[in-house]
Structures are given as C-alpha cells and as structure tokens.
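Participant: After the structure tokens below, expect a handful of questions from me.
The values are calculated or read from the model by the stated rules, or taken from the named source; none is laboratory data. Not measured: the values here are computed from a predicted model. Here the Cβ positions follow ideal geometry from the backbone for every residue, glycine too, while neighbour counts run over all protein chains shown. Note: areas computed on protein heavy atoms with side chains; ligands, DNA, RNA excluded. Shrake-Rupley method; radii C 1.70, N 1.55, O 1.52, S 1.80 Å.
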Amino acid sequence: MNKNEIYEIKIEDIGADGEGIGHIPETDVAGTDAIEPGKDNRGIAVFVKDTVVGDVARIRIVKVKKNYAYGRLEEIITPSQYRVEARCEKARSCGGCTLMHMSYEKQLDYKWNKVRNCLERIGGVENAANLMEPICGMEEPYHYRNKMQFPVGLNKEGRVQIGFYAGRTHSIIDLERCEIGHPVNNYILQELRPWLQAWQNQTGSFIYDEEQHKGLVRHILTRVGFTTGEVMVCLVVNGTELPDKGATDGSCSAELIECLHRAVEHYNMEHYNMEQTQSLVLQSVSLNINREKTNRILGNTCKALWGNPYITDYIGEVKFRISPMSFYQVNSVQTKVLYDKAVAYADLTRNEIVWDMYCGIGTISLCLAQKAKKVYGVEIVPQAIEDAKQNAKLNGFENTEFFCGKAEEVVPEFYQSGDNPGKHPDVVVVDPPRKGCEEILLQTIVKMAPERLVYVSCDPATLARDVKRLGEMGYELKKVGVVDQFCQGGHVESVILMQYCGKEKK
Ligand code: SAH
C-alpha cells in the first residue's frame with residue numbers, strides 16, 4: 001500500500017478519537033496476491049477522520065504504518081444512517097468538534113460503549129454494562145461551552161483573523177460563529193474584529209505575529225457564568241498594556257470596553273425575550289500578560305482593565321469566583337449533572353470525613369462539604385488552592401481544609417504523619433487529569449480504607465487501568481455513570497463508585 005492511493009471502503013468501527021475505521025482487503029492492495037490462509041481476512045485497518053460507522057467512502061491513503069494506515073476522506077459514496085449535516089461548515093478543518101457529522105444519539109452511544117469497552121478490556125470487569133447507568137446527554141447539545149480561547153493573527157493580505165488553528169498547524173482560520181460556544185461569543189468577535197483591524201492599521205504592530213514573536217494581541221479569552229449571566233473578556237498580550245499612553249481618555253482600552261458593552265447589549269437585544277435565556281452583563285475586562293515565545297496560551301499574570309478581576313457562577317447552590325486563569329469545567333449544565341452523581345455515589349449523611357483529591361478550585365469539595373462533616377482537598381496548582389480557600393469562605397463553609405502539592409506526595413505524607421481523623425476517611429473522591437492516579441496514591445488510598453471511593457475521570461482507559469488495580473486491592477466496582485460534557489467532541493467523562501469488599505486478590 002502506498003501514499004496517495006485511492007480506495008473505496010466501508011467504515012465498520014470507531015477509533016479512540018472518534019475517527020472511522022475500515023479495512024482494505026489485502027487482495028485489493030496493488031502488488032499483493034491472495035491472502036495467506038489463517039490471516040485476519042478483513043485486511044489492513046485504515047483510520048479515516050470525518051467518517052461515520054456505516055459510511056461507504058472513497059479515501060486517499062495519507063500515511064502507511066506496518067499494520068495499519070491513515071486515510072483522508074475524499075468523497076462519501078453512500079452515507080451512513082448515523083451521518084448528519086454538521087451545523088458548522090468549518091467542523092472538518094477546526095478539529096474542535098470531531099463528532100459533529102454523527103447524530104447526537106450515535107455520539108452518546110459511542111461514548112457509553114467506549115467506557116464499557118475500556119472497563120471490560122482494560123479493567124477486566126465482567127459484564128460492565130450491568131453496572132452502567134444510561135448516559136446523561138444534553139437536551140440541546142450546542143452552545144454549551146462557558147469558556148472560549150480564540151487565537152488572533154493576520155492573513156497574507158493583512159486582514160485580522162480570529163478563530164482557531166487549522167488541525168495540527170498554527171495557521172488561523174477565521175471564524176464568524178461557533179456552534180458550541182455561548183452565542184455571545186459571536187457578537188464579541190463581530191465587534192472586536194474591526195477594532196483590532198483599526199488599531200493594526202494605525203500602529204502596524206497591534207496583532208501578534210507568532211513566527212516573528214512581535215506584535216501585541218495574541219488570544220481572546222471569554223468566559224460566561226451560565227447561571228449569573230456575567231461575562232468576562234481577557235485579551236492575552238505580548239506586552240504589559242494597550243497603547244493608551246499619551247491619550248487623555250485611554251482611547252484603546254476605552255474603545256475595547258465600549259465594543260464589549262455593545263456586543264453584550266446586542267446579544268441581549270436579540271435574545272433576552274426568548275424563553276429561558278439569561279440576560280448577560282459585562283463584568284470583567286482584563287489583560288493577561290504572556291511575553292514568552294511559547295505555545296502556552298496564558299501567561300502568569302493578569303491585569304484588570306475594567307470591572308472585577310473575576311466573574312461569579314453557581315454550581316447548584318454553591319458560588320464560585322472564577323478568574324481568567326482558574327480551571328473551571330467548561331460545560332456548566334453537565335458539570336452539575338456530573339457532580340450530583342459524584343455526590344450521590346458518595347452517599348453522605350453529614351457525618352462523614354471525605355477527601356477530594358485533584359480538587360482544582362474546590363468545586364467538588366464544596367459540593368461535598370454541604371453534606372459531609374469534613375472535607376480535605378489536595379491540588380497541585382497554588383493559585384487553584386487559593387481560589388478553593390476563597391470559595392469555601394465565600395460560601396461560609398468551615399469544614400474544609402486544603403493542601404497544595406502533588407496528591408501522590410501530600411496524601412502519603414499526611415497518612416504517615418501522626419494521628420489525624422483525615423487518615424481514615426469514609427469516602428475518597430479523585431478527579432485526576434488524563435493520565436490517571438499514580439500507583440503510590442492508589443496504595444495509600446487503600447491503606448486509608450475508605451468505605452466508598454468515587455472516581456471522576458476524563459479518560460476511560462486510565463480509569464479502567466486504575467479500577468483493575470483497586471479491584472486487586474479489595475475494592476469492587478458498583479456503579480458507573482457517563483456524562484456527556486463535550487458534546488460534538490470525542491472526549492468522554494465518567495464517574496464510578498467502588499466499595500470496599502474486604503477481599504484482597506493480591
Ligand atoms: N475536580 C476539579 C479539577 C479536576 S481537573 C474540577 O472538577 O473542577 C484535575 C486537577 O488535577 C487540575 O486542577 C490539576 O491542576 C490537578 N492536578 C494535576 N496533577 C496533579 C497532581 N499530581 N496532584 C494533585 N493535583 C493535580
């Protein structure tokens with residue numbers, strides 16, 4: 001098989017990132033004879049982005065590996081029954097919404113099955129389906145994101161481009177509307193585009209040029225509090241300020257703030273009469289200073305330009321302050337569903353001692369604190385721990401204690417240091433990043449011997465690996481919930497309950 005060859009294939013399966021998988025029989029590959037007896041006669045697996053199970057497609061081979069290949073979709077010959085028209089014409093080049101051409105029902109089906117397959121194949125769980133609740137999808141799986149980060153640049157003709165990086169490159173594709181961001185973003189981009197262009201034309205160096213590492217404005221970050229309607233806009237700049245020097249009215253910042261007010265007003269005018277729609281209010285405008293030549297979007301310092309340096313939002317009854325640099329789950333509606341499930345699995349009666357490991361700004365910790373005697377949280381990012389403490393105060397919780405450091409270091413140290421009620425909690429909750437928990441942390445949790453362990457995970461493969469280890473050390477998988485946090489995208493979020501069953505296998 002060679003690069004650039006064209007084949008016709010039927011898509012039979014979905015890969016780990018939502019791409020379609022089909023097979024090319026080896027007899028079809030130029031230069032091979034009949035298939036050897038006994039060999040998998042489905043042929044060579046080909047991974048093709050933008051295809052759906054059931055599609056018959058013409059594809060072009062773009063990369064050949066030893067036992068498989070990658071193809072690019074050239075043409076759909078017969079569309080799958082699960083194929084839908086993507087709502088966004090840029091879905092294929094953007095890479096943000098890898099599943100947008102698949103019906104939402106099928107997306108949910110795929111995600112539920114992905115968790116099931118991981119638990120069975122990697123986790124060694126028999127009949128995982130029996131423990132799994134139906135997946136919680138969204139009624140309206142669009143416009144759910146509370147945070148957007150748009151790169152800003154110039155095209156060859158010197159026109160301002162705001163949008164997203166085309167898959168695996170750093171060339172910016174201009175975007176007028178995004179179907180998963182809050183719709184106010186469309187109004188903000190519409191206002192900021194001419195403002196950015198005018199200042200670029202005037203100064204010649206207003207827009208950041210990544211290759212030259214010159215120019216000022218790099219990214220536009222926006223956040224919306226879905227329950228409060230508060231809007232935050234933060235410009236990421238390669239500098240320390242906007243060009244206001246010498247102007248008596250601070251003209252550049254003043255114009256920016258005016259543009260943003262107009263955008264929010266425009267949004268309200270067109271939306272606020274509609275049922276269930278929150279009227280929005282601009283609450284925070286700031287700069288984030290990032291002077292490094294780096295792929296990282298945010299620098300380490302922020303500077304308020306107007307309003308508060310944060311917005312507030314609620315998850316259920318708990319109030320949170322969110323600054324431009326804080327981690328906050330991007331899907332507010334589904335986060336509530338996810339945390340409710342985690343809290344339900346924790347089964348609290350106000351008498352329990354609980355740990356929340358990888359606690360971020362304390363979102364899960366504070367949802368637990370309402371129903372527990374005491375909650376301990378641990379998190380690696382110092383700013384997040386500061387936010388967690390502030391958020392506990394803001395809500396009047398006095399039954400929380402937060403530690404800053406690596407969970408795999410802090411928790412074992414805590415466990416070894418003298419007598420403390422936190423050594424033997426009733427419930428442990430973990431919500432690690434994609435790589436899952438370190439072995440030493442899992443071992444320490446087992447020594448702490450909580451009755452229940454609730455594991456929130458954004459990667460079912462590492463979740464399943466850890467479930468297997470915990471199973472070997474005496475914990476039994478009881479319940480599995482899957483919550484769709486990333487509608488139209490391929491990521492899968494799940495939460496499980498494990499219970500101590502006293503039967504150690506190893
Ligand atoms: N539970 C929070 C955050 C989950 S994201 C929420 O739902 O909002 C995972 C968190 O783990 C991040 O805040 C990240 O900073 C933190 N983290 C990553 N590695 C860590 C480690 N080794 N020890 C403790 N926290 C870690």
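Participant: For K423, tell me the accessible area in Å² from a 1.4 Å probe, rounded to the nearest 10.
Facilitator: Around 30 Å² of this residue is reachable by solvent.
Participant: For the chain, what is the mean residue ellipticity at 222 nm derived from helices alone (per DSSP H run of n ≥ 4: -39500 (n - 2.57); sum divided by total residues; nearest 500 deg cm²/dmol)?
Facilitator: Values: 10 runs with 131 residues, N = 506.
Result for the chain: -8000 deg cm²/dmol, rounded to the nearest 500.
Participant: Could I have the simple spin-label model distance between N113 and E139, label points 7 Å from Cα toward Cβ, reported in nm to one decimal?
Facilitator: If labels sit at N113 and E139, their model points lie 2.8 nm apart.
Participant: If you don't mind, there's one more thing I want to ask. Using heavy-atom solvent-accessible surface (probe 1.4 Å) with all chains present, what is the largest-first order of E265, E352, E408? Please report the intermediate quantities before stating the final value.
Facilitator: On the way: E265 120, E352 20, E408 40 Å².
Sorted by accessible area, descending: E265, E408, E352.
Participant: Let me ask something additional. Using a 1.4 angstrom probe on the protein heavy atoms only, could you order R168, R321, R121, R193 from most to least accessible area? Provide the component values of the computation, followed by the final result.
Facilitator: Details: R168 245, R321 85, R121 190, R193 45 Å².
Order by accessible area, largest first: R168, R121, R321, R193.
Participant: Roughly how much of F403 is accessible, in Å² to the nearest 10, using a 1.4 Å probe?
Facilitator: Using a 1.4 Å probe on the heavy atoms, I get roughly 50 Å².
Participant: Just going by the charge dipole of the range 203-269, with Lys and Arg at +1 and Asp and Glu at -1 on Cβ, which of T248, G229, I207 is farthest out on the positive end?
Facilitator: My answer, from the dipole projection, is G229.
Participant: Continuing with the same structure: For the range 160-287, just list the percent of Cα-Cα distances falling in each 5 Å bin from zero outward, please.
Facilitator: All Cα pairs considered, the percentages come to 2, 10, 19, 23, 19, 14, 9, 4, 1, 0.
Participant: At what distance in nm do the modelled label points of S103 and Q443 sit from each other, each positioned 7 Å from its Cα along Cα→Cβ?
Facilitator: 5.0
Participant: Looking at the P(r) of the range 56-128, how many percent of alpha-carbon pairs lie beyond 13 Å?
Facilitator: Working: 1995 of 2628 pairs.
Of all Cα-Cα pairs in the range 56-128, 76 percent lie more than 13 Å apart.
Participant: Right, next: Using R₀ = 41 Å, calculate the FRET efficiency as 1/(1 + (r/R₀)^6) where r is the Cβ-Cβ separation of N155 and N300; round to 0.05. Could you put the intermediate results ahead of the total?
Facilitator: Working: r = 30 Å, r/R0 = 0.74.
Once the sixth-power term is evaluated, E becomes 0.85.
Participant: Quick one, what does Rg over Rh come out to for the range 410-453 if you take C-alpha atoms and the Kirkwood Rh?
Facilitator: Details: Rg = 10.6 Å, Rh = 11.0 Å.
Reported Rg/Rh, Kirkwood definition of Rh: 0.96.
Participant: Another question, then. Placing unit charges on C-beta atoms (Lys and Arg positive, Asp and Glu negative, everything else neutral), compute the dipole magnitude of the range 215-366 about its Cα centre in debye, rounded to 20. Write down the numbers at each step before the final one.
Facilitator: Numbers: 13 positive and 16 negative charges, 110 e Å.
About 520 debye.
Participant: What value in Å³ per residue do you get for the convex hull of the alpha-carbon atoms in the range 246-401?
Facilitator: Working: hull volume 24.1 nm³, N = 156.
Hull volume over Cα atoms, normalised by residue count, gives 155 Å³.
Participant: Could you state how much accessible area D431 has, in square angstrom rounded to the nearest 10, with a 1.4 Å probe and all protein chains kept in place?
Facilitator: For D431, solvent-accessible area is about 30 Å².
Participant: Excluding residues fewer than 8 places away in the same chain, name every one of the lysines whose C-alpha is closer than 24 Å to that of K66.
Facilitator: By straight Cα distance, K66 reaches K3, K10, K39, K49.
Participant: How would K406, K373 line up by accessible area, probe 1.4 Å, largest first? Numbers along the way, then the final one.
Facilitator: Values: K406 90, K373 120 Å².
The ordering from most to least exposed comes out as K373, K406.
Participant: Subtract the Cα-Cα distance of K65 and Q212 from 0.36 nm times their separation in residues, and report this length gain in nm to one decimal.
Facilitator: Fully extending the segment from K65 to Q212 adds 49.4 nm.
Participant: How many angstrom lie between the Cα centre of the range 119-153 and the Cα centre of the range 57-118?
Facilitator: 17
Participant: Still on this structure: Give, as ranges by residue number, the residues of the range 369-410 whose backbone N falls under 11 Å from the point 7 Å along Cα→Cβ of N420.
Facilitator: Counting backbone N atoms under 11 Å from the label point, the list is 376-378, 401-404, 410.
Participant: Under 19 Å Cα to Cα from K389, which aspartates and glutamates show up? Leave out anything in the same chain fewer than 8 places away.
Facilitator: Reachable aspartates and glutamates: D313, E317, D356, E379, E398, E401, D431.
Participant: For the chain, build the charge dipole from Cβ charges (+1 Lys, Arg; -1 Asp, Glu) around the Cα centre, then report which of G418, G95, H491 sits farthest towards its positive end.
Facilitator: Positive-most Cα among the choices belongs to G418.
Participant: Net charge within 14 Å of R262 by Cβ-Cβ distance, Lys/Arg positive one each and Asp/Glu negative one each, not counting R262 itself? It would help to have the intermediate numbers written out before the result.
Facilitator: Working: positive: R193; negative: E191, E255, E258, E265, E270.
Taking every Cβ under 14 Å from that of R262, the sum is -4.
Participant: Report the net charge of residues surrounding V482, where surrounding means a beta-carbon distance below 12 angstrom and charges are Lys +1, Arg +1, Asp -1, Glu -1. Spell out each step's value before the answer.
Facilitator: Working: positive: K111, K114, R116, K341, K479; negative: D109, E133, D484, E493.
Cβ neighbours under 12 Å give a net charge of +1.
Participant: Further, regarding this structure: List, largest first, the extents of the alpha carbons of the range 234-331 along their principal axes, each in whole Å.
Facilitator: 45, 31, 22
Participant: Roughly what would the spin-label model give for E75 and D249, points 7 Å off Cα along C-beta, in nm?
Facilitator: So the two model labels end up 5.8 nm from each other.
Participant: Name the residue from Y165, Y144, L196 whose Cα lies farthest towards the positive end of the charge dipole of the chain, charges +1 on Cβ of Lys and Arg and -1 on Cβ of Asp and Glu.
Facilitator: With unit charges placed on the Cβ atoms, the residue in question is Y165.
Participant: Might you report the magnitude of the Cβ-based charge dipole of the chain about its Cα centre, with Lys and Arg at +1 and Asp and Glu at -1, to the nearest 20 debye?
Facilitator: Values: 60 positive and 69 negative charges, 154 e Å.
Roughly 740 debye for the chain.
Participant: Excluding L282 itself, what net charge comes from residues whose Cβ is under 13 Å from its Cβ, given Lys and Arg +1 and Asp and Glu -1?
Facilitator: Values: positive: R223, R262; negative: E191, E230, E258, E265.
My count for the surroundings of L282 gives -2.
Participant: In Å, the Kirkwood hydrodynamic radius of the chain over pairs of distinct alpha carbons? Display every interim value, and only then the final one.
Facilitator: On the way: mean 1/r = 0.0397 Å⁻¹.
That comes to 25.2 Å for the chain.
Participant: Report the charge-dipole magnitude of the range 144-216 in Debye, nearest 20, computed about the Cα centre from +1 at each Lys and Arg Cβ and -1 at each Asp and Glu Cβ. Each step should come with its number before you reach the end.
Facilitator: On the way: 8 positive and 8 negative charges, 28 e Å.
With Lys and Arg at +1 and Asp and Glu at -1, about 140 debye.
Participant: Still on this structure, I have one more. HN-Hα J couplings of the range 470-485 from phi, Karplus 6.51/-1.76/1.60, θ = phi - 60°, integer Hz, Gly and Pro as x?
Facilitator: Per residue, the Karplus-derived 3J(HN,Hα) values read 5, x, 5, 9, x, 9, 10, 6, 10, 8, 9, x, 10, 10, 7, 8 Hz.
Participant: Two decimals is fine: what's Rg over Rh for the range 359-402, C-alpha atoms, Kirkwood radius as Rh?
Facilitator: Details: Rg = 9.0 Å, Rh = 9.9 Å.
My calculation of the ratio gives 0.91.
Participant: On a 26 Å Cα-Cα criterion, which of the cross-link pairs K111/K147; K114/K435; K111/K479; K90/K435 come out too long?
Facilitator: On the way: K111/K147 23 Å; K114/K435 17 Å; K111/K479 16 Å; K90/K435 30 Å.
Pairs exceeding 26 Å: K90/K435.
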